Amino acid sequence: MEPLIKVRNIRKIYRMGDERVIALDDISLDIFKGDIVCFLGTSGSGKSTFLNMVAGLEKPTRGEIYIGGIPIHKLNEEQVTLFRQKNIGFIFQAYHLMPMLTAEENVTMPLIFRNTDRRSRHKRAMEALEQVGLKGYEKRKPTQMSGGQQQRVGIARALVGSPKIIFADEPTGNLDSNTTKEVMELIIKEVKEKNQTLILVTHDRSIANYATKVVTIQDGNILSIEEKEGNEKND
């Protein structure tokens with residue numbers, strides 16, 4: 001089976017004055033459709049930099065990144081923005097909801113960028129909010145919701161466009177342990193039902209337990225890749 005994501009020998013160097021900081025050092029990796037991959041590492045290990053490279057948010061200093069055969073590393077800013085809008089959803093630690101918008105309006109944002117008509121946006125947002133357990137919360141603004149509810153809105157926003165890949169950067173970092181469990185089980189349930197590919201970035205070992213593959217990163221290098229038994233991908 002051909003990998004959905006192919007990463008080949010990527011390196012990322014940041015220049016700070018006269019100093020060079022190597023954030024990623026010659027990383028290669030294959031990720032397949034339906035994989036739930038957790039990048040595990042401490043702050044500064046390079047895991048978030050890796051996510052940014054694969055999502056096309058930053059360019060690697062060297063190396064190649066292919067998603068569905070498309071060379072992400074070669075796309076210009078406009079091309080990679082269009083690619084993300086069509087293929088990628090994001091879940092953030094800090095939720096990144098627009099405070100002046102309702103839950104429904106926040107969820108429809110990715111569809112607006114796709115020029116989806118108003119009636120379809122409303123229908124799909126309502127369905128997404130119901131999927132994450134927020135039926136009846138459509139008109140609430142972020143300040144009227146708990147942290148867990150806000151993250152559920154963030155999940156609905158990531159899912160509403162049915163992206164092939166979902167990136168989650170410390171998705172439970174601002175949540176308590178009980179809410180973390182609820183949110184993670186919800187994310188895993190949704191991506192498995194739709195056979196989507198999920199890439200998680202975390203420092204929390206307990207989050208890694210939800211993954212089919214755990215990639216441990218330290219000082220910009222892959223220390224280990226662990227295939228998790230019992231976490232089967234959808235066909």
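Before moving on, here are some points about what is shown:
- Of all residues in the stretch 97-110, none that is touching a residue at least 60 places away in the same chain (Cβ under 8 Å) has its Cβ atom under 8 Å from the Cβ atom of a residue that is in a loop (DSSP other than H, G, I, E, B), 6 or more apart or on another chain.
- Which numbered condition residue 77 fails, given (1) crowded, with 18+ Cβ neighbours inside 10 Å; (2) at pLDDT below 95: (1)
- Any hit, the stretch 47-54, residues being within 18 Å of residue 220 (Cα to Cα) and over 16 Å from the mean Cα position of the chain (by Cα): no
- Some residue of the stretch 62-72 being modelled with pLDDT of 95 or more, farther than 18 Å from residue 164 by Cβ and crowded, with 17+ Cβ neighbours inside 10 Å: yes
- Scanning the stretch 119-169 for residues that are charged (D, E, K, R) and in contact with a Pro (Cβ under 6 Å, 6 or more places away or on another chain) returns no hits.
- Restricting the stretch 18-54 to residues that are polar (S, T, N, Q) and closer than 18 Å to residue 171 by Cα, the residue that is surrounded by the fewest Cβ atoms within 10 Å (Cβ to Cβ): 43
The values are calculated or read from the model by the stated rules, or taken from the named source; none is laboratory data. These numbers come from a predicted model, not from an experiment. Every residue, glycine as well, gets a Cβ built from its backbone with ideal geometry; the counts of neighbours run over all protein chains shown.
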